[in-house]
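Asker: Take this structure first; my questions come after.
The values are calculated or read from the model by the stated rules, or taken from the named source; none is laboratory data. A quick note: this is a predicted structure, and the numbers were derived from the prediction, not measured. Cβ atoms come from the backbone with ideal geometry, glycine included; neighbour counts cover every protein chain shown.
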Ligand code: GAR
């Protein structure tokens with residue numbers, strides 16, 4: 001039986017596309033059973049629909065407007081995802097922090113991709129912050145990582161895969177972003193392959 005993956009996205013979905021392509025090319029013995037986005041306009045939703053994958057839009061705003069807390073949002077998200085019985089939940093550019101209301105439902109079953117090396121630049125705009133740190137002479141390289149998400153700490157947890165990415169003095173921010181995304185697409189598939197093969 002193919003491994004069942006749920007992917008959570010917030011934007012472009014280029015990493016989602018890498019997983020779709022790897023499954024098509026039989027590099028991964030897996031099936032994406034659901035894609036969830038917190039943003040309606042996330043291009044990744046179109047990528048999923050094109051690939052015949054069920055999608056859900058799960059926005060935070062109605063919860064905020066109703067005075068509900070993040071745990072309520074995360075509980076509904078967990079209920080939605082649980083219906084698809086995933087083996088692994090992959091945060092592929094999911095830009096919300098998951099609370100324990102979600103994580104306790106899927107202990108050691110959530111993995112996250114982050115465009116920086118372990119312990120560096122957690123949170124949003126990691127590539128931009130690495131680029132600025134390089135310009136300021138604080139770092140010589142950056143990288144990407146895939147890790148398990150055991151708790152609420154942001155972009156932190158047992159490492160599944162990591163890869164250095166060079167920064168060059170001639171790099172524009174966009175050049176570095178492109179280089180990092182290319183590496184992410186490989187490292188995410190490698191990490192999933194290892195998880196799936198057990
Ligand atoms: C990726 O660079 C991913 O590492 C990052 O969001 C991007 C999503 O790109 N995630 C984080 O920054 C998590 N803190 P994509 O939508 O093209 O896959």
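Asker: Checking the conditions here, which among 85, 104, 120, 135 is touching a strand residue (DSSP E or B) at 6+ places or on another chain (Cβ under 8 Å) and away from the ligand (no atom under 13 Å from the Cβ)?
Answerer: That would be 85, the only listed residue that is touching a strand residue (DSSP E or B) at 6+ places or on another chain (Cβ under 8 Å) and away from the ligand (no atom under 13 Å from the Cβ).
Asker: Checking the conditions here, which among 99, 156 is under 21 Å from residue 10 (Cα atoms) and within 11 Å of the ligand (Cβ to nearest atom)?
Answerer: 156 is the lone residue from the list that is under 21 Å from residue 10 (Cα atoms) and within 11 Å of the ligand (Cβ to nearest atom).
Asker: While we're on this one: Just one of the numbered conditions (1) under 17 Å from the mean Cα position of the chain (by Cα); (2) farther than 19 Å from residue 83 by Cβ; (3) more than 13 Å from the ligand (Cβ to nearest atom) is not true of residue 11; which one?
Answerer: The number of the failed condition is (3).
Asker: Look at residue 117 and say whether it is in a helix (DSSP H, G or I), crowded, with 16+ Cβ neighbours inside 10 Å and touching a residue at least 12 places away in the same chain (Cβ under 8 Å).
Answerer: Considered against the rule, which asks whether it is in a helix (DSSP H, G or I), crowded, with 16+ Cβ neighbours inside 10 Å and touching a residue at least 12 places away in the same chain (Cβ under 8 Å), residue 117 comes out as no.
Asker: While we're on this one: Restricting attention to segment 130-141, report how many residues are assigned to a helix (DSSP H, G or I) and surrounded by fewer than 18 Cβ atoms within 10 Å (Cβ to Cβ). So that I can check it myself, show each step before the final result.
Answerer: Restricting attention to segment 130-141, the residues satisfying the condition of being assigned to a helix (DSSP H, G or I) are 130-135.
Still in the list and also surrounded by fewer than 18 Cβ atoms within 10 Å (Cβ to Cβ): 132-133, 135.
Going through segment 130-141 one residue at a time, the tally reaches 3.
Asker: Test residue 47 against the criterion of being under 16 Å from the mean Cα position of the chain (by Cα) and not in a helix (DSSP H, G or I), and give yes or no.
Answerer: Judged against the criteria, residue 47 is not a match.
Residues checked against (1) within 18 Å of the chain's Cα centre (by Cα); (2) part of a loop (DSSP other than H, G, I, E, B); (3) at positive phi; (4) surrounded by 14 or more Cβ atoms within 10 Å (Cβ to Cβ):
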{"position": "64", "(1), (2), (3), (4)": "no, no, no, no"}
{"position": "76", "(1), (2), (3), (4)": "no, no, no, yes"}
{"position": "112", "(1), (2), (3), (4)": "yes, no, no, yes"}
{"position": "145", "(1), (2), (3), (4)": "yes, no, no, yes"}
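Asker: Residues in segment 62-80: is at least one under 22 Å from residue 2 (Cβ atoms), away from the ligand (no atom under 16 Å from the Cβ) and at pLDDT 95 or above?
Answerer: Within segment 62-80, one or more residues are under 22 Å from residue 2 (Cβ atoms), away from the ligand (no atom under 16 Å from the Cβ) and at pLDDT 95 or above.
Asker: A further question follows. So which residues in segment 14-42 are touching a helix residue (DSSP H, G or I) at 6+ places or on another chain (Cβ under 7 Å) and either in a loop (DSSP other than H, G, I, E, B) or within 9 Å of the ligand (Cβ to nearest atom) (or both)?
Answerer: Within segment 14-42, 14, 15, 16, 17, 18, 27, 28, 29 qualify.
Asker: Got at least one residue in segment 159-168 being under 30 Å from residue 85 (Cα atoms), outside any loop (DSSP other than H, G, I, E, B), touching a helix residue (DSSP H, G or I) at 6+ places or on another chain (Cβ under 6 Å) and free of Cβ contacts under 8 Å to residues at least 40 places away in the same chain?
Answerer: Checking segment 159-168: at least one residue is under 30 Å from residue 85 (Cα atoms), outside any loop (DSSP other than H, G, I, E, B), touching a helix residue (DSSP H, G or I) at 6+ places or on another chain (Cβ under 6 Å) and free of Cβ contacts under 8 Å to residues at least 40 places away in the same chain.
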